[in-house]
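Here it is, the structure, as structure tokens.
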Amino acid sequence: MTDQLGRITIDPEICHGKPTIRGLRYPVEMILELLSAGMSASEILTDYPDLESADITAVLEYATQLSRVQRIELLSA
């Protein structure tokens, strides 16, 4: 995995502090929604010319990092 995470920024003044791509107003979650809806990376890049291929990779790497679970503990009721 490459270290593209530097492309993901969090700024309280941009998109209410949601993670975005390079400080642009493209939230990570929006790109993930487009990908999960079936859009290809090249279609996204065509529709959003401010984005770069490495931005899509960064979004996927960010999502991968968030999905890593170290340990799950069951709580008793």
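Each value in this text was obtained by applying a stated rule to the coordinates, not by laboratory testing. In this text, all values refer to a predicted model and were calculated from it rather than measured experimentally. Ideal geometry is used to build each Cβ from the backbone, glycine not excepted, and the neighbour counts take in all protein chains shown.
Taking the stretch 28-48, which residues are in a helix (DSSP H, G or I) and either β-branched (Val, Ile, Thr) or loosely packed, with under 11 Cβ neighbours inside 10 Å (or both)? Give the derivation first.
Residues of the stretch 28-48 that are in a helix (DSSP H, G or I), as a first pass: 28-36, 41-47.
Listed by number, the residues that qualify are Val28, Ile31, Ser36, Ser42, Ile44, Thr46, Asp47.
Conditions first: (1) surrounded by 17 or more Cβ atoms within 10 Å (Cβ to Cβ); (2) part of a helix (DSSP H, G or I). Leu51 passes all but one, so which condition is the exception?
(2)
Please state which one of Leu45, Leu32 is more than 14 Å from Leu5 (Cβ to Cβ) and in contact (Cβ under 8 Å) with a residue 12 or more places away in the chain. Outline the logic, then answer.
On the way: Leu45 fails: in contact (Cβ under 8 Å) with a residue 12 or more places away in the chain.
Only one candidate qualifies: Leu32.
Every residue, every condition in (1) among the hydroxyl-bearing types (Ser, Thr, Tyr); (2) within 11 Å of the chain's Cα centre (by Cα), yes or no:
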| site | (1), (2) |
| --- | --- |
| Asp3 | no, no |
| Arg7 | no, yes |
| Glu13 | no, no |
| Ser36 | yes, no |
| Met39 | no, no |
| Pro49 | no, no |
| Glu61 | no, yes |
| Gln70 | no, no |
| Leu74 | no, no |
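Give me the pairs: first residue in the stretch 14-26 and under 19 Å from Ser53 (Cβ atoms), second residue among the β-branched types (Val, Ile, Thr) and assigned to a loop (DSSP other than H, G, I, E, B), beta-carbon distance under 6 Å, and six or more apart or on different chains, which are they?
Here the result reads Pro19/Ile10; Thr20/Ile14, each pair linking the stretch 14-26 to a residue that is among the β-branched types (Val, Ile, Thr) and assigned to a loop (DSSP other than H, G, I, E, B).
Can I ask one more? Determine whether Arg25 is in contact with a Cys (Cβ under 8 Å, 6 or more places away or on another chain) and surrounded by 11 or more Cβ atoms within 10 Å (Cβ to Cβ). Step through it out loud before you land on a result.
Working: in contact with a Cys (Cβ under 8 Å, 6 or more places away or on another chain): yes; surrounded by 11 or more Cβ atoms within 10 Å (Cβ to Cβ): yes.
Criteria met by Arg25.
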